[in-house]
Every structure is written in C-alpha cells, then in structure tokens.
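Colleague: Could you have a look at this structure, given as structure tokens, before my questions?
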Amino acid sequence: MWKKKGVVGLQSVVLYSLPELDGAIDTIVLGGLVGDKIALVPERVRKLCSRLHGWISLRQTPVHDRQISIMLYGFPPNVGAVGTAALLDVPSSLENLLLRLGKEGYDVGDFASDPAASGQSLVAALSILCENSVIAAGSNRIQDAIEQRMKRARAGDNTVLETLAKEGGGLGGAVVKATDMKFDELESLLGKYMTKKVRRAWPEKERGPGMNAKNEMVVAIG
C-alpha cells in the first residue's frame, strides 16, 4: 500500500511517526518517490507555503486579536464521543489550556475569571450540539437546547450532567454561533478545490450527521 502511494516502510516511520512523537503536530507531506528520486507535488508545496504564511501572520498579530480554534475528538459522530480520548482527561486539559491562554493575553471571554467555568461543562455542551435531534432542529434552536439542559440540570434531572447546573452552566459566558448552510455555499468559503474534495468524500446519499431537516449543514461554533 505504502509503495503504491510512493512511500516505503522506513520512510513512513521517518516522515510520519517520528515527527509526531517529537511533537511536530503540523506536518505536511510534500511528495514521494518516483523511481529512485523524490518528486514534489505542487498542490502540497502550495499548501505548505499557505500554512507558513498563516503561522507567520499569526505570530505578527497581537495576542489579544488572535483567532485560534480548539478541535476536540468526536468520532464516531453523534454518539456522545465528543472529547473522548483513551487514558486522557480531555475536559481538564481543555480547561487548563483556556486558563493558560487567558493568562497569556488571549481573549477567552469570561472563562478565565468565572469561578464556575469548567472544561467539563464545555465538553457537555459540545456533546449536546452533536445530538441528531438538536442538529435536525436547525441552527436557531441550538443555543435553546443547551439552555434547556441547564434548566433541567438545576432542577435535579439526573439524565443531564450535573456540571451544567453551575452558574451560567459552567460555560464561562460561552454561547453558540451557528448557521444553516447549503452545500453550494461552501465554495465561497473553501474555494472550488476543497469543495470538490468535500463533495467527493461526502456524497449526498451519505449526508446524515450534521444535516438539518431541510438537508442543510448545521455549522456551529462553541
């Protein structure tokens, strides 16, 4: 398999495994073997240049104005797997990361100053966002769904995580920004090339998770 793709066994260790173990979390494959020579793939080189430009721009941006995202594991989708990881405490790690970012000058809202804020509450809220029934209702109902769970938690409903009963749900003032998006609208955000890849990887007959009752994508940001 590796040889067919242009990468032999030893190269897979050197190019992929070792950099990851060394903490190189943003590796980009630039090419592979063609015969006994290494050939670059133009699209991958452009990707690297774009990534470098982004890192440089981020460093030059004042800390308070930087916009970064935190991505949590959530596979398989819509089955409560958000923020799960073998032998790792994801909620605590998320909480510590946000507190550190706040100390370093990043804008994390009220999370760093709210004594009730917790990573566990954030993960619980994200899990709600991924429920099929919540997604099917569309973006306008997502924040309401979280607030309803908070009310149930405060009322002693043991089917809802207790952490959501805290003041403000323990979310540190975080609210959900969401929108319903048609597939045709992706191109204006991702460009033709990436939109084509999304369509190929996610054909219409397989579009279940993440779609509302109108067959639109529900894109939410916590």
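The values are calculated or read from the model by the stated rules, or taken from the named source; none is laboratory data. Just so it is clear, the model here is predicted, and its values are computed rather than measured. Cβ atoms come from the backbone with ideal geometry, glycine included; neighbour counts cover every protein chain shown. Side chains included, ligands, DNA and RNA excluded: accessible areas come from the protein's heavy atoms. Shrake-Rupley method; radii C 1.70, N 1.55, O 1.52, S 1.80 Å.
Colleague: Taking the criterion of being modelled with pLDDT of 90 or more, surrounded by 15 or more Cβ atoms within 10 Å (Cβ to Cβ), at positive phi and small (G, A, S), would at least one residue in the range 170-180 satisfy it?
Modeller: Yes, because at least one residue in the range 170-180 is modelled with pLDDT of 90 or more, surrounded by 15 or more Cβ atoms within 10 Å (Cβ to Cβ), at positive phi and small (G, A, S).
Colleague: Okay, next question. So, in the range 137-146, exactly how many residues are surrounded by 14 or more Cβ atoms within 10 Å (Cβ to Cβ) and assigned to a helix (DSSP H, G or I)?
Modeller: Qualifying residue count for the region: 6.
Yes or no, residue by residue, for (1) within 16 Å of S69 (Cα to Cα); (2) open to solvent by less than 20 Å² (accessible area, probe 1.4 Å):
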{"position": "S93", "(1), (2)": "yes, no"}
{"position": "D107", "(1), (2)": "yes, no"}
{"position": "I128", "(1), (2)": "no, yes"}
{"position": "E131", "(1), (2)": "no, no"}
{"position": "I135", "(1), (2)": "no, yes"}
{"position": "A153", "(1), (2)": "no, yes"}
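Colleague: So if I check each of L33, L48, L10, which one is more than 30 Å from S127 (Cα to Cα), among the aliphatic types (A, V, I, L, M), part of a helix (DSSP H, G or I) and modelled with pLDDT under 85?
Modeller: L10
Colleague: Quick check on the range 111-126: of everything there that is closer than 21 Å to V79 by Cβ and without any contact (Cβ under 8 Å) to a residue 60 or more places away in the chain, which residue is most open to solvent (accessible area, probe 1.4 Å)?
Modeller: The qualifying residue most open to solvent (accessible area, probe 1.4 Å) is Q120.
Colleague: Tell me yes or no: at least one residue of the range 156-164 is modelled with pLDDT under 85, surrounded by fewer than 15 Cβ atoms within 10 Å (Cβ to Cβ) and of a type in the set (S, T, N, Q).
Modeller: Checked the range 156-164: no residue is modelled with pLDDT under 85, surrounded by fewer than 15 Cβ atoms within 10 Å (Cβ to Cβ) and of a type in the set (S, T, N, Q).
Colleague: While we're looking at this one, here's another question. Checking K103 against (1) touching a residue at least 40 places away in the same chain (Cβ under 8 Å); (2) among the basic types (K, R); (3) open to solvent by 90 Å² or more (accessible area, probe 1.4 Å), which single condition isn't satisfied?
Modeller: The number of the failed condition is (1).
Colleague: Of all residues in the range 80-90, how many are closer than 18 Å to E131 by Cβ and surrounded by 14 or more Cβ atoms within 10 Å (Cβ to Cβ)?
Modeller: 4
Colleague: Ok, one more. Please give the number of the condition L99 fails out of (1) modelled with pLDDT of 90 or more; (2) closer than 25 Å to I135 by Cβ.
Modeller: All conditions are met except number (2).
Colleague: Output the number of residues of the range 28-62 satisfying the condition of being over 30 Å from Y106 (Cα atoms) and of a type in the set (D, E, K, R).
Modeller: 4
Colleague: Which one of these is among the polar types (S, T, N, Q) and outside any helix (DSSP H, G or I): S113, S121, S92?
Modeller: Criteria check complete, one pass: S113.
Colleague: Can you report the number of residues in the range 61-79 which are on the phi < 0 side of the Ramachandran plot and surrounded by 10 or more Cβ atoms within 10 Å (Cβ to Cβ)?
Modeller: Residues that pass the stated criteria total 9.
Colleague: Could you list all residues from the range 147-180 that are in a helix (DSSP H, G or I) and in contact with a Lys or Arg (Cβ under 7 Å, 6 or more places away or on another chain)?
Modeller: Selection gives L164, A165.
Colleague: Find all pairs meeting these conditions: Cβ atoms under 9 angstrom apart; at least six residues apart or on different chains; first residue within the range 25-37 and over 22 Å from W55 (Cα atoms); second residue part of a strand (DSSP E or B) and among the β-branched types (V, I, T).
Modeller: From residues that are over 22 Å from W55 (Cα atoms), the pairs are G32/I38.
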